[in-house]
Amino acid sequence: MRKTLIAGNWKMNLDWDEAMTLFANLVKLEAENHINVEVAVFPPSTYLRHFYELKKGRNSGLGIGAQDCSAHESGAYTGETAASMIASVGAQYILVGHSERREYHNESNHSLSDKVIQALKYGLSPVFCCGEKLEDRENENQTFVIDNQLDSTIFNLSEEDFSKVIIAYEPVWAIGTGKTASPEQAQEMHSFIRGLVQSRYGHDVAEKCRILYGGSMKPSNAKELLSQPDVDGGLIGGASLSIKEFAQIIDSSV
Ligand code: PGA
């Protein structure tokens, strides 16, 4: 049985006070037993250490992760943060290959593979994002695009390493647009992805692999999306910035 993961991708939002309030509210929600699934947040990485301390002090099981890491080990890469550094401040996850990084920072399959390797080397679970653009979907190329994004990156990993990876399917046309994939579209793609995992790593690995859906998930559509058999959680952007909406999504997943 795969454990549902509800993850909040805060992107470049929330100043220190706002971020602390939101995280403290989540910890409170958890302490009041309102959280029955795995929940993680991906704040700007400057906040991670403080979140870690707060978590530790309250015995919280909330997960924390960074939104990106360097493809390099260390050295003269101004502005970058190494996976080892992210691990050393207490994070457990790293988002790799979010479409905004692919689009605005020209991240290639090659550099994404290196990022995944760095993350795994330091004990972090990569949440590897894939997703097709609108034109790919309009041309019915979506499965080809996803196959390519996975085949040239995480499918090069050993079975042991691959089993630490979480996949997030995020159709680019649904991110931040208010347009969501229908539950049928999401299920169809998630089941396609699980089939790819099965042909590469076999049935048992595929059955254990968690595949999250991301792209305008909100309280009004979360229940239907999350009840699809191959949707194992959500990667939520906009709606994760409001404690009320995020809590409603967490509730819908039980
Ligand atoms: P959204 O973002 O929920 O605001 O569409 C999702 C994401 O980018 O991970």
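The values are calculated or read from the model by the stated rules, or taken from the named source; none is laboratory data. Computed from a predicted model, the values in this text were never measured in an experiment. Methodologically, a virtual Cβ is constructed for each residue, glycine included, from the backbone with ideal geometry; neighbour enumeration extends over all protein chains shown.
Got a number for residues in the stretch 162-173 being among the charged types (D, E, K, R) and more than 13 Å from the ligand (Cβ to nearest atom)? Don't jump to the end; show me each part of the working.
From the stretch 162-173, those among the charged types (D, E, K, R) are 164, 170; that's our starting set.
Within this subset, residues satisfying the condition of being more than 13 Å from the ligand (Cβ to nearest atom) are 164.
Of the residues in that region, 1 qualify.
Looking at Ile94, Ile6 in this structure, which one is under 25 Å from Ile211 (Cα atoms), in contact with a Leu (Cβ under 6 Å, 6 or more places away or on another chain) and either outside any helix (DSSP H, G or I) or of a type outside the set (D, E, K, R) (or both)? Break it down into steps so the answer makes sense when it comes.
Details: Ile6 fails: in contact with a Leu (Cβ under 6 Å, 6 or more places away or on another chain).
Result of the check over Ile94, Ile6: Ile94.
Within the bounds of the stretch 97-105, is there any residue that is surrounded by 19 or more Cβ atoms within 10 Å (Cβ to Cβ), in contact (Cβ under 8 Å) with a residue 60 or more places away in the chain and closer than 28 Å to Asn36 by Cβ?
Looking for residues that are surrounded by 19 or more Cβ atoms within 10 Å (Cβ to Cβ), in contact (Cβ under 8 Å) with a residue 60 or more places away in the chain and closer than 28 Å to Asn36 by Cβ, one finds at least one in the stretch 97-105, hence yes.
In the stretch 239-251, what residues are within 14 Å of the ligand (Cβ to nearest atom) and either among the hydroxyl-bearing types (Ser, Thr, Tyr) or surrounded by 20 or more Cβ atoms within 10 Å (Cβ to Cβ) (or both)? Can you show your working first?
The initial filter retains those residues of the stretch 239-251 that are within 14 Å of the ligand (Cβ to nearest atom), namely 239-242, 245-246, 248-249.
Result: Ala239, Ser240, Ser242, Phe246, Ile249.
A quick yes/no check of all residues on (1) at pLDDT 95 or above; (2) touching a strand residue (DSSP E or B) at 6+ places or on another chain (Cβ under 8 Å); (3) farther than 26 Å from Asp230 by Cα; (4) among the small types (Gly, Ala, Ser):
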{"position": "Ala83", "(1), (2), (3), (4)": "yes, yes, yes, yes"}
{"position": "Ile94", "(1), (2), (3), (4)": "yes, yes, no, no"}
{"position": "Ser99", "(1), (2), (3), (4)": "yes, yes, no, yes"}
{"position": "Gln118", "(1), (2), (3), (4)": "yes, no, yes, no"}
{"position": "Ser125", "(1), (2), (3), (4)": "yes, yes, no, yes"}
{"position": "Gln142", "(1), (2), (3), (4)": "yes, no, no, no"}
{"position": "Gln149", "(1), (2), (3), (4)": "yes, yes, no, no"}
{"position": "Phe155", "(1), (2), (3), (4)": "yes, no, no, no"}
{"position": "Glu160", "(1), (2), (3), (4)": "yes, no, no, no"}
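Would you check which residues across the stretch 174-192 are more than 10 Å from the ligand (Cβ to nearest atom) and either surrounded by fewer than 22 Cβ atoms within 10 Å (Cβ to Cβ) or at pLDDT 95 or above (or both) and list them? Give the derivation first.
First pass over the stretch 174-192, keeping only residues more than 10 Å from the ligand (Cβ to nearest atom): 181-192.
Within the stretch 174-192, Ser182, Pro183, Glu184, Gln185, Ala186, Gln187, Glu188, Met189, His190, Ser191, Phe192 meet the criteria.
In the stretch 209-228, is there at least one residue being away from the ligand (no atom under 15 Å from the Cβ) and in contact with a His (Cβ under 8 Å, 6 or more places away or on another chain)?
Yes, because at least one residue in the stretch 209-228 is away from the ligand (no atom under 15 Å from the Cβ) and in contact with a His (Cβ under 8 Å, 6 or more places away or on another chain).
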